[in-house]
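Engineer: Got a structure here, written out as structure tokens. Questions coming.
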Amino acid sequence: MSDPLPIQPLTQALDARIELPGSKSITNRALILAALANGTTRLEGALFSRDTRIMLAALETLGFQVSADEAAHTITVRGEGGSIPVKEAELHIGNAGTAARFLTAFLALAEGGSYKLDGDPAMRERPMAGLLDALVALDAAEFEFHGEAGHFPFTLKAKGYRGGSVEVDASSSSQILSALLLSAPAGSAPTTLSCPNVRPFYVAITLKLREAFGAQALEADDAGSYTLEPTQYNSPGSYAIEPDLSAASYFLALTLIQGGTLKIPKVGNDPLQGDAHFVDVLSHHGLRVDAENNEWTVACADPRDIQRGHREIDFNTISDTFLTYAAIAPLLGGSVRICGIGHTRLQETDRIAGMAAELSKLGQLVKEEPEALTVSIKPNELRARALKARNEGKLLTIDTYEDHRFAMSFGILGSFDLLEDGQPWLAINDPACCGKTFPDFFEALTAIRTAKA
Ligand SMILES: O=C(O)C1=C[C@@H](OP(=O)(O)O)[C@@H](O)[C@H](O)C1
Ligand SMILES: C=C(OP(=O)(O)O)C(=O)O
């Protein structure tokens, strides 16, 4: 893949089918649960990407028997019934938030174990303290910090879960609560986690996955507390992972701006992933998604009918998809205020600042607030800048901040034939950063572009 990567626009309405990779969130939860369970689990439709390879490598380092067949999208894990074979190890977490939080809570199980964890420079800045404080309060672990307190890198001394009650601050990342919900029940006595005000959709995935591995259904009480009974997870034998619906957002957006029909197989009408609600955001503009026979049919009759005007959209619960929407906003007209996204300043990069910078480069008028981004859409300015660059023999070029979602979101914008000549006008710096969750993203885009009706 060249770097920067010029994006070849599409010149026809879509008529294609795309097999999306498995969900990152479900793959990394299922790997932890398979390791914790009694018995051997075969994961089907698993994602192979940087974030899931990090989790796989960690489990191998920790002594779990894992075998992966990438071509078949399967991973087999032999569970150890709640124990961790290797008691001393160093783990590199990259910039995988799920691996960072889920593994930290998991390692606390190994009473007497000592583990050194570190990540990419960006991961060292991401929030961990809510989880570490909860583990210390439960007397499940102690931490020695090798840099800034409350952050990677650190050494975790595991003390095991023995029950108790704790207030969990998961305001910066719902993964903090998910991490405890996965591993704390493997302890010897009931544990109460009090965690009001957590963004709910990913926690719901965690609760469903626990059930798939034999745990009792669990709900928060009215005050947002979960009581975890000591639980022995059991392997379901095999477990089918849904396609990644955050990744689906790019192709929903592509169908909206391009028109035509796209089929996405293996998604039912009641998927586990909250990012399915991105459909509601785009249906306002005329996108239709019909779920039948475990397949989505995504269609937009005529992109010229896109609904325009001012919109205020709260992306709080589906924030991975705000970048998808913001990147195509210059094609939607009107203006949009995207709110509820303050926490995304602490993800792969400061996503509000990064998005504001890239949209400004494209001639859009942006206003940043601590928790929101407003874009006044200037379609003529976008075209003028693309033409100017073209006349100078250049392309408009997007910076991606080592954040996969910038590369993929702007890859969709660049797929629009802005200058109406089928030639690239936009390029993406460091396109390979999409490997965090979707290594073949740009190949998938090419396959859709070149699909024969
Ligand atoms: O639990 C999960 O799988 C995830 C939770 C969300 O993170 P935060 O809860 O940190 O916002 C989401 O952005 C991330 O891509 C995956
Ligand atoms: C926030 C994200 O990832 P992570 O799992 O690293 O938090 C993301 O994929 O958009």
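Engineer: Check Tyr401 against each of (1) within 16 Å of ligand 1 (Cβ to nearest atom); (2) surrounded by fewer than 18 Cβ atoms within 10 Å (Cβ to Cβ); (3) among the hydroxyl-bearing types (Ser, Thr, Tyr) and name the one condition it does not meet.
Structural biologist: (2)
Engineer: Here is a further query. How many residues, within region 104-126, are open to solvent by 20 Å² or more (accessible area, probe 1.4 Å) and in a loop (DSSP other than H, G, I, E, B)?
Structural biologist: Pass one, region 104-126, residues open to solvent by 20 Å² or more (accessible area, probe 1.4 Å): 109, 111-112, 114, 116, 118, 120-122, 124-125.
Narrowing further to those that are in a loop (DSSP other than H, G, I, E, B): 109, 111-112, 120.
Total satisfying the criteria: 4.
Engineer: Ok, one more. Testing Asp270 on (1) assigned to a strand (DSSP E or B); (2) out of contact with any Asp or Glu (no Cβ under 8 Å at 6 or more places or on another chain); (3) open to solvent by 40 Å² or more (accessible area, probe 1.4 Å), one condition comes back false. Which one is that?
Structural biologist: All conditions are met except number (1).
Engineer: Out of Leu331, Leu323, Leu346, report the one residue that is assigned by TED's automatic domain parsing to the domain that holds Lys378, surrounded by fewer than 21 Cβ atoms within 10 Å (Cβ to Cβ), within 14 Å of the chain's Cα centre (by Cα) and touching a residue at least 60 places away in the same chain (Cβ under 8 Å). Break it down stepwise before answering.
Structural biologist: Values: Leu331 fails: within 14 Å of the chain's Cα centre (by Cα); Leu323 fails: surrounded by fewer than 21 Cβ atoms within 10 Å (Cβ to Cβ).
Checking each option against the conditions leaves just Leu346.
Engineer: Considering only residues that are away from ligand 1 (no atom under 14 Å from the Cβ), open to solvent by 10 Å² or more (accessible area, probe 1.4 Å) and on the phi < 0 side of the Ramachandran plot, which ones fall in region 159-186?
Structural biologist: Those that are away from ligand 1 (no atom under 14 Å from the Cβ), open to solvent by 10 Å² or more (accessible area, probe 1.4 Å) and on the phi < 0 side of the Ramachandran plot: Lys159, Tyr161, Arg162, Ser165, Val166, Glu167, Ala186.
Engineer: Which condition number in (1) without any contact (Cβ under 8 Å) to a residue 24 or more places away in the chain; (2) crowded, with 19+ Cβ neighbours inside 10 Å is the one that Glu368 fails?
Structural biologist: Only one criterion is unmet by Glu368, namely (2).
Engineer: Test each condition in (1) exposed (fewer than 15 other Cβ atoms within 10 Å of the Cβ); (2) farther than 15 Å from Asp133 by Cα; (3) at pLDDT 95 or above for Phe145 and report the one that comes out false.
Structural biologist: (2)
Engineer: Checking Ala276 against (1) in contact with a Gly (Cβ under 6 Å, 6 or more places away or on another chain); (2) within 16 Å of ligand 2 (Cβ to nearest atom); (3) not hydroxyl-bearing (Ser, Thr, Tyr), which single condition isn't satisfied?
Structural biologist: Here Ala276 clears every test but (1).
Engineer: Something else now. What are the pairs, 6+ residues apart or on separate chains, where a residue within region 195-210 that is not assigned by TED's automatic domain parsing to the domain that holds Ser174 and within 10 Å of ligand 1 (Cβ to nearest atom) has its Cβ under 7 Å from a residue that is at pLDDT 95 or above and part of a loop (DSSP other than H, G, I, E, B)?
Structural biologist: none
Engineer: Is there a residue in region 128-135 that is over 24 Å from the mean Cα position of the chain (by Cα) and not small (Gly, Ala, Ser)?
Structural biologist: Yes; the residues of region 128-135 include at least one that is over 24 Å from the mean Cα position of the chain (by Cα) and not small (Gly, Ala, Ser).
Engineer: Here are the criteria: (1) assigned to a helix (DSSP H, G or I); (2) over 24 Å from the mean Cα position of the chain (by Cα). Tell me which single one Val281 does not satisfy.
Structural biologist: Of the numbered conditions (1) assigned to a helix (DSSP H, G or I); (2) over 24 Å from the mean Cα position of the chain (by Cα), the odd one out for Val281 is (2).
Engineer: Looking at region 274-296, can you tell me whether even one residue there is open to solvent by less than 40 Å² (accessible area, probe 1.4 Å) and among the polar types (S, T, N, Q)?
Structural biologist: No: region 274-296 contains no residue that is open to solvent by less than 40 Å² (accessible area, probe 1.4 Å) and among the polar types (S, T, N, Q).
Engineer: Which condition does Val375 not pass, out of (1) over 21 Å from Met1 (Cβ atoms); (2) out of contact with any Pro (no Cβ under 9 Å at 6 or more places or on another chain); (3) crowded, with 22+ Cβ neighbours inside 10 Å; (4) of a type in the set (A, V, I, L, M, F, W, C), if it passes all the others?
Structural biologist: Looking at each condition in turn, Val375 falls short on (2).
Engineer: So which helices (runs of 4 or more DSSP H) stay within region 349-453 end to end and still have 1 or more residues that are within 16 Å of ligand 2 (Cβ to nearest atom) and under 27 Å from the mean Cα position of the chain (by Cα)?
Structural biologist: In region 349-453, 351-361, 404-414, 441-449 are the helices (runs of 4 or more DSSP H) which contain 1 or more residues that are within 16 Å of ligand 2 (Cβ to nearest atom) and under 27 Å from the mean Cα position of the chain (by Cα).
The values are calculated or read from the model by the stated rules, or taken from the named source; none is laboratory data. The structure presented is a predicted model; accordingly, all values stated were derived computationally and were not measured. A quick note on method: Cβ atoms are made from the backbone with ideal geometry, for glycine too, and the neighbour counts reach across all protein chains shown. SASA here: full protein model, heavy atoms, side chains in, ligands and nucleic acids out. Shrake-Rupley method; radii C 1.70, N 1.55, O 1.52, S 1.80 Å.
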